[in-house]
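Data block below; observations after.
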Amino acid sequence: MTIRNAMVLAAGLGTRLRPITDTIPKPLVVIGNKPMIDYALDALTQAGIETIAINVHHHAEQMERHLAGYAGAEILISDERDRLMDSGGGLAKGLKLLPPGPVMVMNADLFWLEKNGIEQTALQKLAGFFDGEKMDMAMLCVKLEHTTGHNGKKDFNLDEDGRLSRYREGDDNPVVYAGAIAMDSRLLADAPTEPFNLNIYFDRAISAGRLFGTMLDGEWITVGTPDAIEAAETTIRRFNGGEAA
């Protein structure tokens, strides 16, 4: 499937990353010589995304200035200065800026590293995997051992058919949600206009047998606290053979 539109969730307060985020929005924190959100934007444009809606709230002016300088895609701002909409509400609001149809959704405060020269990037693979006839959402997933900065929580179990269910102790194929989804924006056409968590739609999709996952072949990084920055930098150097990204 060809996906040309995307939504990046970037409006969070980044409270666990204080005091750094007292003066800068979390997506603009530099890791490996690059603001975190640029990893997401570059991954999207490399996968063929042309238009990206991004929600802003915390230090919104800084976000807008940075995004105005990004030349890889058309950037549309979903303004949440007046009220944070949580993950689901923010997505539903931002999707209204985009035409209905297939869309990629990403978080702005995590990223992954992939080897050069691969046949398909993770997002290209995810777009090709998504089948709206049988899926509400297709998630990018990663094995716990290929994460840096994660809290150790196993989010889902991936069965041999690619379906996801909530992880339960003893499940044989636990995975971590890697923060990227392929879906049809019309799935949220009936979404509330109030703030809500996207987990509501995850659970609905699971109940209907329509939440699927595909695996990331790479190293996944999240930076939740100041102490996690050093671990992220170490992973980047290791992945790049000792060179800084």
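Taken together, the values in this text are just the output of simple stated rules run on the coordinates, not laboratory data. Because the structure is predicted, anything quoted here is derived from the model rather than measured. Cβ: placed from backbone, ideal geometry, glycine included. Neighbour counts: every protein chain shown.
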**OP:** Taking the dipole about the Cα centre of segment 5-239, with the C-beta of Lys and Arg at +1 and of Asp and Glu at -1, give me whichever of GLY128, LEU144, GLY14 is farthest to the positive side.
**Re:** GLY14
Original post:
ARG18 to LEU97: extension gain in nm, 0.36 nm per residue of separation minus the Cα-Cα distance?
Top reply: 25.3 nm
Original post:
Could you give the length gained on full extension between ILE118 and LYS34, defined as 0.36 nm per residue of separation minus the Cα-Cα distance, in nm?
Top reply: 28.1 nm
Original post:
In nm, to one decimal, how far is the SER165 label point from the ASP227 one, both placed 7 Å along Cα→Cβ?
Top reply: 3.5 nm
Original post:
Distance in nm between label sites at GLU194 and GLU74, each 7 Å beyond Cα in the beta-carbon direction?
Top reply: 3.4 nm
Original post:
Which residues does a label at THR2 reach in segment 22-57, if reach means a backbone N under 12 Å from a point 7 Å past the Cα toward the Cβ?
Top reply: 48-50
Original post:
Rounded to the nearest 0.05, what FRET efficiency do LYS134 and ASP217 have when you use their Cβ-Cβ distance and R0 = 35 Å?
Top reply: 0.90
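Please find the FRET efficiency linking ASP82 to ASN240, where r is the Cβ-Cβ separation and R0 is fixed at 45 Å, and quote it to the nearest 0.05.
About 0.60, to the nearest 0.05.
Report, in debye and to the nearest 20, how large the dipole of the chain comes out about its Cα centre when Lys and Arg carry +1 and Asp and Glu carry -1 on their Cβ. Write down the numbers at each step before the final one.
Values: 24 positive and 35 negative charges, 46 e Å.
Value, rounded to 20: 220 debye.
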Subject >> Global geometry of segment 32-142, whether rounded, prolate or oblate, following the gyration tensor of its Cα atoms and the 1.5 cut on a/c >> reply: oblate
Original post:
How would you rank GLU61, GLU169, going from fewest to most other Cβ atoms within 10 Å of each one's own Cβ?
Top reply: GLU169, GLU61
